[in-house]
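S.K.: Dumping the structure here so I can ask a few things about it.
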Amino acid sequence: MKIIKTANKITSKLLNKKKIGFIPTMGCLHDGHVSLIRKSKKKKLLTVVSIFVNPFQFNNKKDFNKYPKTISADLKICKKNKVDYVYLPSKKDIYPEKKIIIKNKIHFFKKYMEGKFRPGHFEGVIEVIKRLLSRIETNYLFLGKKDYQQLIIIKKYIESINSKVKVVPCDTIRATNGIALSSRNKLLDQKSLNIAGNIINFLKKNKKQIIKSNNKLFFLKKMKEFGANKIDYLSAFNIKKLKKTNKPSVNARVFLAYYLDGVRLIDNF
């Protein structure tokens, strides 16, 4: 495993023409990230993982500052899973300009959910993806479905620039109690993790009713009874049409974001 800290381009031309699989992360790696690495390795791709906490996708400075950083453990996980290259850029390496001006055209799906409650979030996501892809000339980009809205918006961006990069969506990996694995879970104590499990299991059990409901007040009330401090949204979308829906179907997906002890959690199913 090789570690790269500067903007040296990793290209298939320099690597015996082997195709590249790229997994962009913000570190604090868990089994969800490992599943992306394994998918890349299974395709026999030269596998590159980046670790960079992107400041421009945080609309809350406190949230950025407390984001968990576990670089030593992350490198051990990468090595154990036979990652070929780990890209560890500094902020200066990704954003060398003295003044950063972000102007990216983002797909209309940004106006909902995360885009609504985190202004500028997707602009920052697309900016860092654009810059990472200029340094890692990849063939395949592996993204988890846990951040499903983000996955769709990145995919639409890549299509809009006529890039040949193929986005590979990967299923959400869950803990034994049902919660989606997330780096932010490390900020929660066991009591809060149990509450998160109760919330997601209740919602999944009632997913058809949630989708059909025009007024989700009952479900929001139940989430608060379980222990959610604050709820940003509980919404159902048709992911093919990218519109809100109240019709259960294979394309219907429930999205939620809520807080436990000041930690914001998102999920979808």
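S.K.: When both residues are 6+ apart or on different chains and their Cβ atoms are under 6 Å apart, which pairs have a first residue that lies in the range 235-264 and is touching a residue at least 60 places away in the same chain (Cβ under 8 Å), and a second that is acidic (Asp, Glu) and in a strand (DSSP E or B)?
M.R.: 257/232
S.K.: Which of the residues belonging to the range 163-189 are of a type in the set (Asp, Glu) and under 17 Å from the mean Cα position of the chain (by Cα)?
M.R.: 171
S.K.: Same structure again: Which one is farthest from the chain's Cα centre (by Cα) among residues in the range 148-162 that are part of a helix (DSSP H, G or I) and among the aliphatic types (A, V, I, L, M)?
M.R.: 158
S.K.: So which residues in the range 60-82 are open to solvent by 70 Å² or more (accessible area, probe 1.4 Å), part of a helix (DSSP H, G or I) and touching a residue at least 60 places away in the same chain (Cβ under 8 Å), if there are any at all?
M.R.: Result: 66, 79.
S.K.: Out of the residues in the range 103-138 that are charged (D, E, K, R) and in a loop (DSSP other than H, G, I, E, B), which is nearest to residue 57 (Cα to Cα)?
M.R.: Taking the candidates together, the pick is 118.
S.K.: Answer yes or no as to whether residue 228 is part of a strand (DSSP E or B), in contact with a helix residue (DSSP H, G or I) (Cβ under 7 Å, 6 or more places away or on another chain) and of a type in the set (Gly, Ala, Ser).
M.R.: No.
S.K.: Moving on to the next point. List the residue pairs whose Cβ atoms are under 7 Å apart, where the first residue sits in the range 212-229 and is open to solvent by 100 Å² or more (accessible area, probe 1.4 Å), the second is in a loop (DSSP other than H, G, I, E, B), and the two are 6 or more positions apart or on different chains.
M.R.: So the pair list comes out as 212/246; 212/248; 214/246.
S.K.: Scanning the range 1-39 for residues that are part of a helix (DSSP H, G or I) and either modelled with pLDDT under 80 or among the aromatic types (Phe, Trp, Tyr) (or both), which turns out surrounded by the most Cβ atoms within 10 Å (Cβ to Cβ)?
M.R.: So the residue we want is 12.
The values are calculated or read from the model by the stated rules, or taken from the named source; none is laboratory data. Remember, it's a predicted structure, so these values are computed and weren't measured experimentally. No Cβ is skipped: glycine too gets one built from the backbone with ideal geometry, and neighbour counts run over all protein chains shown. When the accessible area is computed, the model is the full protein with side chains, heavy atoms only, and any ligands, DNA or RNA have been set aside. Shrake-Rupley method; radii C 1.70, N 1.55, O 1.52, S 1.80 Å.
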